[in-house]
Amino acid sequence: MEKTMNLTLKVWRQTSANAKGHFETYKVENISGDSSFLEMMDILSEQLVEAGKEPVAFDHDCREGICGMCSMTINGIPHGPEKATTTCQLHMRHFHDGQTITIEPFRAKPFPVLKDLMVDRSAFDRIIQSGGFITARAGSGVDANAIPIPKKTADYAMDAAACIGCGACVAACPNASAMLFTGAKVSHMNSLPQGKAEKHRRALAMVTTMDGEGFGGCTNIGECEAACPKSISLDMIAQLNRDYATAQVKNFFQPVS
Amino acid sequence: MNLDSKIPEGPLAEKWSSHKFNMKLVNPANRRKYHVIVVGSGLAGGAAAASLAEQGYKVSCFCYQDSPRRAHSIAAQGGINAAKNYQNDGDSVQRLFYDTVKGGDYRSREANVYRLAEVSADIIDQCVANGVPFAREYGGLLANRSFGGAQVSRTFYARGQTGQQLLLGAYAALSRQIGLGNVKMHNRHELLDVVKVEGHAKGIIVRNMVSGEVSRHAGDCVVLATGGYGNVFFLSTNAQGCNVTAAYRAHKRGAGFANPCYTQIHPTCIPVHGDKQSKLTLMSESLRNDGRVWTPMDAETAKQIREGRLDPNQLPEADRDYFLERKYPSFGNLAPRDISSRAAKEACDEGRGVAATGLGVFLDFRDAIKRDGQKAIEERYGNLFEMYRCITGDNPYETPMMIFPAVHYTMGGLWVDYNLESTIPGMFVGGEANFSDHGANRLGASALMQGLADGYFVLPYTVGNYLGEQGVAAAGKVTTDHPAFAEVEADVKARINKLLSINGTETPRSFHKRLGQIIWNQCGMARSKEGLEGAIRDLQELRKEFWSNLKVVGGADGINPELERAGRVADFIEFGELMCRDALMREESCGGHFRVEHQTEEGEALRDDENYAFVGVWEYLGDDVEPNLHKEPLIYENVKLATRSYK
C-alpha cells in the first residue's frame, strides 16, 4: 500500500477584508502522496464542515495549472516549494509525515485579502485594460500567413505569453512589484509585428496603471522569477524597462498617444 | 415549444452569406441605446462581449471567476481547427464540414456545421491579429498538426496551451472594451436566474460571490455562454466551478434542453488515483500523433504490470496489443474520441488494464523517441510531459504514460436555432452551452473553433438582428423596476434561504460525489435501459435526501463556497435525471451515447437513422412532472448518412 501522512497545518483565517486575521492550527490525517495540495485542503474543509465550522476559503478553479486562480503562500513561498508549479499542481508527495505546513494568502498591498486565503487581484485586470491588448476589431484581421513571423520571435512571444496572471511574482517580491507580470505582457505584444503600432503607448499606459495601483518598483531581487509557476524570465523586465525608456524619450518629443 | 430552426433558404454554401445580407442592421448611432447582457467570459462569451462592444452596443459581462481571463476555455491544450489548407493536403471548408458532421455521428445540423467550417479561417486571422502566438515554422508561417478524426493537418496550436492563448486574445479584446467603458465587467458574480418580460429574456438575477448581495440586471437581450455540464459526473476534466446552473435555470424558465445525454468521454486522461480526488486531468489528444496506445495481450501479464512485478518496457513487441492500430488501421491512434475511449474501456473490461486500479492503458512514446529523438518530442509536448510527471511522479520519457477515459465535454446543451437563439426569444446561447455543432461526438480541436466562431462571427450578427427587429423604440425600455424582476429575485432569495435552513448532516460535496457515481455508472461510457431506469429512481431519491438532509455551514452574506456548491449540486441532481431520461429515450447508439442494446457484432455503435435522426429537445413542466419531449428532425441534404468507419 502507498504511504500516507499526517500533517499539522497553520492556516491564515480572516473573516472579511476589514477583519483582523490570525493563524489557526489544524490536523489532517491519512493524506495520500498522490493528492494535490488543494485536495488536501478539500479534506480539511470537509473535516471543518462536518464539525459545523466554516471551511477555509481559497481560490481555485481549473486545478491543472493553467487558469491562474489558485494562490496561497506555502511555507513562505507563493505556490509552495516546488519549482515552476502552481498550488493546484503541487502534490503531497513533496511533503513528509509529521510536517507542519504554514499556509497564508498572497501578501501584497495591491492584493487585499477578501477572506482567509482569497485575495483580490483585479489590479492585474486594470493593468491589462490600460494597454495589454492589440487593437484589432473582430473581422479586421488580414490573412494569418500574410505577415511571416520568424520562429524565434514567435517562440519568444509565446514564452512571455505563458504568464497565467496568478500574482505569485507580486507576492514573492519584497516590494510587491508587478514588473514581471507587466513585463511579460509588454514583451509578448511588443515583440510581435502586429503589436508594434501600439508599442510605446502600451508600455507607458501599463506602467502608469501599475504604479497607480500601488505596486512597488523593481530592485532586481529576482524572487519573482523563482516563484513564477510558468518560469517567466527576468528578461521580460529588461524588455519592459527598455520599451518604457524609449517610449518616455519619444513621448518627450512627441506624445505617443 | 416552437422548434423552428430558421435555416436560411438556398444552397448550403450560400446560406450564411445570404442570411447576413437579410438580417436587420442597427444604425451605429443607435447601438449605444441597447444593452446586451453576456454571461460567461470564455471564448464564446468573452469574444461576443468584446465584439458587440466594438460594434457600439453597451455590454455587461458576468463571470464567476475573479477575472474573465480564467474561464475554463483556458484549459484547452491541443489546438483549434481551421480550413486554411496551409498544408496543401486537400483541406477545404467542405471537408472540415464533412469531417465534423461525420465525427458527430450524423446528429448535428448541417447548416450550422457548414457555417462553422466557413468562418473557421476568419478565426485564425482574427487571433493572429490579436497577437495569439501560434506555433510557426522557420519560414515564419504558421505550423499545423493533425488531430483525431481527420486525415489532413488543419490544427493550429500554441504549444500545449492553445486554449489559454486564444482566451488571452479574447480577454485582451474584452479588456480593451472594459477600459474604454463599453463593457461593464462583473467578476465573481454567479447567475442564479433569468428574468422574462412578455415572453422575452430581459434580464438576470445574480449573486455577488464576495458580498453575497443578490442583484437584478436588465438588458435588451441575454447571451448565455456558460459552458458545459461535465461536472454532473463529479469527476471530470472541467474546472471546479463549471456548472449547469445558468443553463438549467434558463431551461426551467422555458428554454428547451437539447440532447443532454450526448457527453464526451475523452480517451487520454490521467487515471484516477483515489477517492479523495477532486478532478481528472486531460492529456492533449495531440499526444496521439506520436504516442502509441496499447495494453498487454493477456490479462495475466497486465496483472504483473499492475503489481509492479514487470516493467512494461521489457515486454516484447509480440505481447503488446496496439488495439487502436489493430482495430482501426487507417486512423490508428488518431481514431475519434468516442471510439478510442470505448476501445480502452473494452481492453480494461477484459482485465488487460494497467495502472494500480486496472483502469488504464499505455500511451507509449518509445518508438517516436527512437525515430525523432527526445529533443523533437520535448519540443512538441514538453509541457504536457512535465504536467504528467508532476501529477503522477513518473517520467514519461522513460516509462510509458498511462491514460484512461474521463468526462471532458458535453455536446448537449440549450437548443438554439440557426441564429443561436434559444426557445426563449431574446436569449442567445453560445459555445459549449448550446447544442448546435457537434452532434453526438465532438472532434478534437473543434471546441475552441466553435466558441470563437459563435463569439466573434455569429452572435455579433444575430444579436444585432434581434435588436433591430425589436426596434429602437424598445431599447432600454425594460428596467429592473418591472415586477417580473422582483418576483424572480424573491424566488432566488427563497431558494438560498431554503438551502441554508435544512440543517441536515450531509455536505454538498458528499451529495455531489454520490450523484457523480450514479451518472458515471449508468450514464457514462455504456448505458442500458435497466441501468438508466434505476438511475432515474436513485436520482429522485437523492434529490429528496438532498432537500431534507443537506448541511450548509455559513450564511447568505459574504463568501460562502459551501452555499455556492450546494446551489450547483441541487441543479446538477435535477439535470442528471434529465440526462438519464434522454439516454433512455434514445434507443440507438451514436457517438458518445452508447446503448449496450444497440451495437454491431464487432461492438461498434449502431445508429438508427430511420427513427432517431432528430434532436431530442426537452421542455420543463414542473419539478415532479415528467418533461415533455419535442423533436427537431435532422435533414441531410448534402451529406449522405453512412455508417461511420475509421477502419
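Where a number appears in this text, it was derived from the coordinates with a stated rule and is not lab data. Predicted model only: the values in this text are computed from it and were never measured. Every residue, glycine among them, receives a Cβ derived from its backbone with ideal geometry; neighbour counts consider all protein chains shown.
Going by neighbour counts of Cβ atoms within 10 Å, the residues B:Trp16, A:Trp12 line up, fewest first, as A:Trp12, B:Trp16.
Each residue of the stretch B:265-408 gets 108 Å³ once the volume of the Cα convex hull is shared out per residue. Cross-link reach is defined here as a Cα-Cα straight distance under 27 Å, omitting same-chain residues fewer than 8 places apart; for A:Lys199 the lysines meeting it are A:Lys151, A:Lys152, A:Lys185, A:Lys230, A:Lys250, B:Lys184.
In this structure, B:Ser215 and B:Lys6 have a Cβ-Cβ separation that, at R0 = 22 Å, corresponds to a calculated FRET efficiency of about 0.05. From the Kirkwood radius over Cα pairs of the protein assembly as shown, Stokes-Einstein at 37 °C and 0.692 mPa s returns a whole-number translational diffusion coefficient of 119 µm²/s.
Listed by chain and number, the aspartates and glutamates placed with their C-alpha closer than 14 angstrom to that of A:Lys109 are A:Asp120, A:Asp211, A:Glu213; residues fewer than eight positions away on the same chain are left out.
Taking the stretch B:270-321, which trypsin sites (Lys or Arg not before Pro) meet the DSSP loop condition and have no more than 16 other C-beta atoms within 10 Å?
Details: sites: B:Lys276, B:Lys279, B:Arg288, B:Arg292, B:Lys303, B:Arg306, B:Arg309, B:Arg320; in loops: B:Lys276, B:Lys279, B:Arg309.
Taking the stretch B:270-321 and a limit of 16 other Cβ atoms within 10 Å, the loop trypsin sites (Lys or Arg not before Pro) found are B:Lys276, B:Arg309.
Per-residue ellipticity at 222 nm computed for chain B from its helices equals -11500 deg cm²/dmol, with DSSP H segments shorter than 4 residues left out and the rest contributing -39,500 (n - 2.57).
Once the Cα atoms of helix B:529-549 and of chain B are each reduced to a long axis, what angle between those two axes, in degrees from 0 to 90 to the nearest 10, is obtained? Here the helix axis deviates by roughly 50 degrees.
If one takes the longest principal axis of the Cα atoms in chain B, at what angle in degrees, from 0 to 90 and to the nearest 10, does the Cα axis of helix B:337-349 lie? The angle comes out near 50 degrees. Packing order of peptides A:72-79, B:440-447, highest average first: B:440-447, A:72-79 (average count of other Cβ atoms within 10 Å over each peptide's residues).
With R₀ fixed at 35 Å, the C-beta to C-beta distance from A:Asn220 to A:Lys20 puts the FRET efficiency at about 0.55. A convex hull fitted to the Cα coordinates of the stretch A:4-115 yields 102 cubic angstrom per residue.
Think of chain B as having a plus end and a minus end, set by charges on the Cβ of Lys, Arg, Asp and Glu; of B:Tyr381, B:Val416, B:Thr399, B:Tyr381 sits farthest toward the positive end of this dipole.
What does the net charge come to around A:Ala203 if you take all other residues with beta carbon closer than 15 Å to its beta carbon, with K and R at +1 and D and E at -1? Neighbourhood net charge equals +4. Computed from the Cα positions only, the extents of the stretch A:121-253 along the three principal axes stand at 45, 35, 25 Å, in decreasing order. Take each residue of peptide A:155-161, count the partner chain Cβ atoms within 10 Å of its Cβ, and average: the result is 5.
Projecting label points 7 angstrom from Cα along Cα→Cβ for B:Lys631 and B:Asn88 puts them 4.9 nm apart.
For chymotrypsin sites (Phe, Trp or Tyr not before Pro), the sites in the stretch B:115-217 that DSSP calls loop and that have at most 10 other Cβ atoms within 10 Å are B:Tyr138. Placing dummy labels 7 Å off each Cα toward the beta-carbon, the span from B:Ser645 to B:Gln151 is 1.2 nm.
When both bridge partners sit in the stretch A:4-115, DSSP labels roughly 80% of those beta bridges antiparallel. Model label sites at A:His96 and A:Arg242, defined 7 Å from Cα along the beta-carbon direction, differ in position by 4.5 nm. Based on every Cα atom in chain B, Rg and the maximum pairwise Cα distance Dmax equal 23.8, 77 Å.
For the stretch B:3-161, the Kirkwood radius over C-alpha pairs fed into Stokes-Einstein at 10 °C and 1.306 mPa s yields D = 88 µm² per second.
Potential lengthening of the chain between A:Phe252 and A:Lys53 amounts to 65.7 nm, from the contour at 0.36 nm per residue minus the alpha-carbon distance. Note on the protein assembly as shown: antiparallel DSSP beta bridges, both residues inside, total approximately 70 percent of the bridges counted.
Measuring r between the beta carbons of A:Thr4 and B:Trp547 and using R0 = 45 Å, the FRET efficiency lands at 0.80. Note on the protein assembly as shown: with charges restricted to the Cβ of Lys and Arg (+1) and Asp and Glu (-1), its dipole about the Cα centre is near 2400 debye. Please report the spacing between the Cα centers of the stretch A:203-257 and the stretch B:243-321 in Å, no decimals. Computed from Cα coordinates, the inter-centre distance equals 43 Å. Of all lysines in the structure, the ones whose alpha carbon falls short of 18 Å from that of B:Lys15, not counting any fewer than 8 places away in one chain, are B:Lys6, B:Lys24. Residues B:Glu118, B:Glu421, arranged from fewest to most other Cβ atoms within 10 angstrom of their Cβ, appear as B:Glu118, B:Glu421. For chain B, the longest principal axis of the alpha carbon atoms and the long axis of helix B:483-501 meet at an angle near 50°. Do any GluC sites (Glu not before Pro) in the stretch B:260-358 lie in a loop, going by DSSP, with at most 11 other beta-carbon atoms within 10 Å of their beta carbon, and if so which? Within the stretch B:260-358, the qualifying GluC sites (Glu not before Pro) (loop, at most 11 other Cβ atoms within 10 Å) are B:Glu307. Each of A:Ile101, B:Ile305 was scored by other Cβ atoms within 10 Å of its Cβ. Arranged with the fewest first, they read A:Ile101, B:Ile305. Pairs of Lys residues in the stretch B:265-408 are counted when their Cα atoms are under 30 angstrom apart and they lie 8 or more places apart or on different chains; the count is 10. Only beta bridges with both residues in chain B are counted; by DSSP, about 70 percent of them are antiparallel. Counted residue by residue at 0.36 nm each, then reduced by the alpha carbon distance between them, the extension gain from B:Gln374 to B:Glu325 reaches 15.3 nm.
Summing charges over neighbours of A:Ala227, with a neighbour being any other residue whose Cβ is under 12 Å away from its Cβ, gives -1 when K and R count +1 and D and E count -1.
For the stretch B:265-408, averaging the sequence separation of C-alpha pairs within contact (under 8 Å, six or more residues apart) and dividing by the residue count gives a relative contact order of 37 percent. Other residues with beta-carbon under 14 Å from the beta-carbon of A:Ala146 carry, at +1 per Lys or Arg and -1 per Asp or Glu, a net charge of -1.
Other chains near A:48-59: what is the mean number of their Cβ atoms within 10 Å of each residue's Cβ?
Values: counts 2, 10, 6, 1, 2, 2, 8, 7, 1, 6, 1, 5.
Shielding by partners across A:48-59 averages 4.
Remark: the B:Glu587-B:Glu350 segment gains 82.7 nm on full extension, using 0.36 nm per residue and subtracting the alpha carbon distance. Size of the stretch A:24-180: Rg and Dmax of its alpha carbons, in Å, are 19.2, 63.
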